[in-house]
1. Taking the residues in the stretch 87-106 that are of a type in the set (Phe, Trp, Tyr) and buried (at least 20 other Cβ atoms within 10 Å of the Cβ) as candidates, determine which candidate is modelled with the lowest pLDDT.
2. Inside the stretch 92-110, can you point out the residues that are of a type in the set (Lys, Arg) and either farther than 12 Å from residue 125 by Cβ or in contact (Cβ under 8 Å) with a residue 60 or more places away in the chain (or both)?
3. Can you find a residue in the stretch 137-151 that is in contact with a strand residue (DSSP E or B) (Cβ under 6 Å, 6 or more places away or on another chain) and of a type in the set (D, E, K, R)?
4. Filtering the stretch 118-157 down to residues that are assigned to a helix (DSSP H, G or I) and among the basic types (Lys, Arg), which residue is farthest from residue 102 (Cα to Cα)?
5. Restricting to the stretch 13-30, name every residue that is more than 17 Å from residue 155 (Cα to Cα) and surrounded by 15 or more Cβ atoms within 10 Å (Cβ to Cβ).
6. Could you count how many residues in the stretch 94-117 are of a type in the set (Gly, Ala, Ser), touching a Lys or Arg at 6+ places or on another chain (Cβ under 7 Å) and part of a strand (DSSP E or B)?
7. Just to be sure I understand the filter: pairs with C-beta atoms under 6 Å, separated by 6 or more residues or on different chains, first member in the stretch 125-146 and in contact (Cβ under 8 Å) with a residue 60 or more places away in the chain, second member aromatic (Phe, Trp, Tyr). Which pairs pass?
8. Quick check on residue 116: is it surrounded by 13 or more Cβ atoms within 10 Å (Cβ to Cβ), more than 16 Å from the chain's Cα centre (by Cα) and under 23 Å from residue 29 (Cα atoms)?
Amino acid sequence: MNQNKVQLPTFIDPEGRFTLHYPLGWNAVPKENSFSSLDLSLNNLPSGSGVVTLAITDLESSTLPIESLVAMDLNAETNGRNNFHLIENPTYQKYNISGYKTGSFNYTFESSGEQKAALDIITKFNNRFLLLIYHANQNDFDKYLPEINRMIDSIRLKV
C-alpha cells in the first residue's frame with residue numbers, strides 16, 4: 001500500500017545551528033535581530049492557540065548537567081507564570097533531540113484570563129542548550145501535541 005507523505009515546511013536556522021520541520025499552516029518567524037532571545041517562533045494563526053518558541057543559548061560552563069538546566073528553567077517558569085501548576089515532573093526519557101539527553105516537564109498557567117498548558121524541553125549540546133516551549137489553550141493542547149511531537153523528532157542540531 002503506497003501512502004503519500006505530506007511534505008512539511010522546513011525551517012533552516014540562518015546561523016546554521018539547527019533545522020526542523022513544522023506543521024502545515026503554521027507560521028515560522030525567525031530571530032528578528034541579534035538582540036532577540038528567541039531564535040524561532042512558530043504559531044498557528046489564525047486560530048492563535050498554539051505557540052512554539054525555540055532558543056539556543058551558549059553555556060558559561062560546559063560542566064553544567066542537563067538536570068541543572070531543567071531545574072533552572074522549572075524555577076523560572078514557577079516564578080514567572082501566573083497560577084503555575086506542575087502537571088508532570090521533569091523526565092529525561094520522553095524526548096530525544098539529535099541523540100542528546102533531553103529533559104522535559106508539563107505545566108499549566110494563566111495568561112490574559114485564559115488557562116494555558118505548556119511543555120518545556122531542554123537539551124544540551126556543544127556548550128550550548130536548546131530550550132523549546134510549546135503552549136496552547138488548555139482545551140487545545142492535546143489536539144496539537146502529536147504535530148508538536150513530530151516537529152520535535154525532526155529537529156537536527158548542527159554540531
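1. Per the stated criteria, the residue is 95.
2. Narrowing the stretch 92-110 to residues of a type in the set (Lys, Arg): 94, 101.
Correct list: 94 only.
3. no
4. From the stretch 118-157, those assigned to a helix (DSSP H, G or I) are 138-154; that's our starting set.
Keeping just the survivors that are among the basic types (Lys, Arg) gives 143, 150.
Numbers: 143: 23, 150: 16 Å.
Checking each candidate, the answer is 143.
5. Answer for the stretch 13-30, where residues must be more than 17 Å from residue 155 (Cα to Cα) and surrounded by 15 or more Cβ atoms within 10 Å (Cβ to Cβ): there is none.
6. If we filter the stretch 94-117 for residues that are of a type in the set (Gly, Ala, Ser), which is where we start, we get 98-99, 103-104, 111-113, 117.
Those still in the list that are touching a Lys or Arg at 6+ places or on another chain (Cβ under 7 Å) too: 98, 104.
With part of a strand (DSSP E or B) added as a condition, the list becomes 104.
Here the count works out to 1.
7. Every condition considered, the pairs that remain are 136/144.
8. Numbers: surrounded by 13 or more Cβ atoms within 10 Å (Cβ to Cβ): yes; more than 16 Å from the chain's Cα centre (by Cα): no; under 23 Å from residue 29 (Cα atoms): yes.
It is false that residue 116 is surrounded by 13 or more Cβ atoms within 10 Å (Cβ to Cβ), more than 16 Å from the chain's Cα centre (by Cα) and under 23 Å from residue 29 (Cα atoms).
The values are calculated or read from the model by the stated rules, or taken from the named source; none is laboratory data. Note that this is a predicted model, so its numbers are computed, not measured. All Cβ positions, even for glycine, are placed from backbone atoms using ideal geometry, and neighbour counts span all protein chains on display.
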